[in-house]
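A short reminder: the numbers here are calculations on the coordinates, not readings from a lab. Model, not experiment: these values are computed from the prediction. Every residue, glycine among them, receives a Cβ derived from its backbone with ideal geometry; neighbour counts consider all protein chains shown.
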Ligand SMILES: *Cc1c(COP(=O)(O)O)cnc(C)c1O
């Protein structure tokens, strides 16, 4: 086999589904089957596939220029997208650094956090605090702040882990007492380690790849205050939660707690091209100003600010704004909240919904073995991992199509 697949044991034959065409929420498979994509191709294709306005935007930009380096050269699509991102993200995130993937966007955030302190003459504050079950990408520093032990086993001896705190308890609607207990723990950690800590990095409200664990906006508000108190920067990795997934445009919008740095990716370019954006406050940005290169941020991915990626991202945001996507997402959330809990099985441990994320957690991952084949037979593309069967559909999905996804989940649990 010449092609090496992601997260795969290549010695094992695994059935894969070649796609020959895609349109709207539908994938067309080589064997003639049509399946509804219930996971938006790793949570990115929020407008579905083959979207006429996005296609047209790409062709128009390609006719002008597909790519120029951002070193020494400059172009409107990068400026326009930077301006738009500053406008739609929480107040105060005023400066945008582009890169080519979510993992690199996270690396950029972590480097900025460390160098912010170095630029203030402090080389002690060089470690990170993160949450248990966190996933921030597959590059080295992203792995260090992540907590997926299965994926990290071969690298355990080279990863320099920082500090971890347990995932906040109680879910999205946690009681004030739950939140208070977690914040007491957070304060202890910050109090003991703040002299070494550059930043606290979290996936705000939903830890997606780490098992869709959800927590309260009040935790973020409390964490913001504590990070200020102990001079630790706060980073939101919104690579998965950004662009409406949690029911608001950004998970940060649920809480009165603006981070120092935010990372966007995945749905940024609506699944058309790999790109990411790391946004910071003027406080951070200004710390990099000086006369020589010693304070500058010496980082520059070849494809940063790629004009095709910027153009398609801008068009995607325009569609989100003009076509009331937050209403569409609210409808998806309402349907998931109403229908998912009707699915019953002794092996189901928890069912949780936030925005356009619906999750069924089972007690034993064996219960989900064979699910993908079953779902494809029934016209739906879903790919559970571990103990989690989930849907994160494209926002353009119709009520009927969404019901089809839920029905397939339901019929699985009726026969397993
Ligand atoms: C997917 C993901 C990343 C990594 O993004 P890539 O584009 O795959 O490098 C980082 N953080 C979170 C929260 C993610 O979901």
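Using the per-residue mean of other Cβ atoms lying within 10 Å as a proxy for protection, in what order, highest first, do the peptides 291-300, 387-396 fall?
The peptides rank, most packed first, as 387-396, 291-300.
Dividing the alpha-carbon radius of gyration of the chain by 2.2 N^0.38 Å (N being the number of residues), what value is obtained?
Values: Rg = 21.4 Å, N = 416, 2.2 N^0.38 = 21.8 Å.
Dividing the Cα Rg of the chain by 2.2 N^0.38 Å gives 0.98.
Calculate how large, on average over all directions, the projected area of the Cα convex hull of the range 198-239 is; give the answer in nm² to one decimal.
2.9 nm²
Going from the alpha-carbon gyration tensor of the range 55-197, what semi-axes, largest first and in whole Å, does one get by taking the root of 5 times each eigenvalue?
35, 20, 18
Can you tell me the mean projection area, over all orientations, of the convex hull of the range 282-416's alpha carbons? Units nm², please.
Average projection, Cα convex hull of the range 282-416: 12.8 nm².
As a test of the definition: which semi-axes, in Å, follow for the range 318-374 when you take the square root of five times each eigenvalue of its alpha carbon gyration tensor? Largest first, please.
29, 13, 8
If you average the alpha carbon positions of the range 167-202 and of the range 30-59, how far apart do those two centres end up, in angstrom?
So the two Cα centres are separated by 38 Å.
Arrange the following residues from fewest to most other Cβ atoms within 10 Å of their Cβ: 245, 383, 352. List each step's numbers first, then the result.
Values: 245 27, 383 13, 352 21.
Placing the least packed residue first, the sequence is 383, 352, 245.
Against the empirical 2.2 N^0.38 Å scaling, what ratio does the C-alpha Rg of the range 234-336 come to? If you can, show how the numbers build up before the last one.
Values: Rg = 16.1 Å, N = 103, 2.2 N^0.38 = 12.8 Å.
Taking N as the residue count of the range 234-336, the ratio is 1.26.
Rg/Rh for the range 23-83 to two decimals, with Rh computed the Kirkwood way over all alpha-carbon pairs.
Dividing the radius of gyration by the Kirkwood radius yields 1.13.
Counting pairs of alpha carbon atoms under 8 Å apart in space and at least six apart in sequence, what relative contact order in percent does the range 55-321 give?
Relative contact order of the range 55-321: 29 percent.
Report the antiparallel proportion of the DSSP beta bridges in the chain as a percent, rounded to a multiple of 5.
For the chain, the DSSP antiparallel bridge percentage is about 65.
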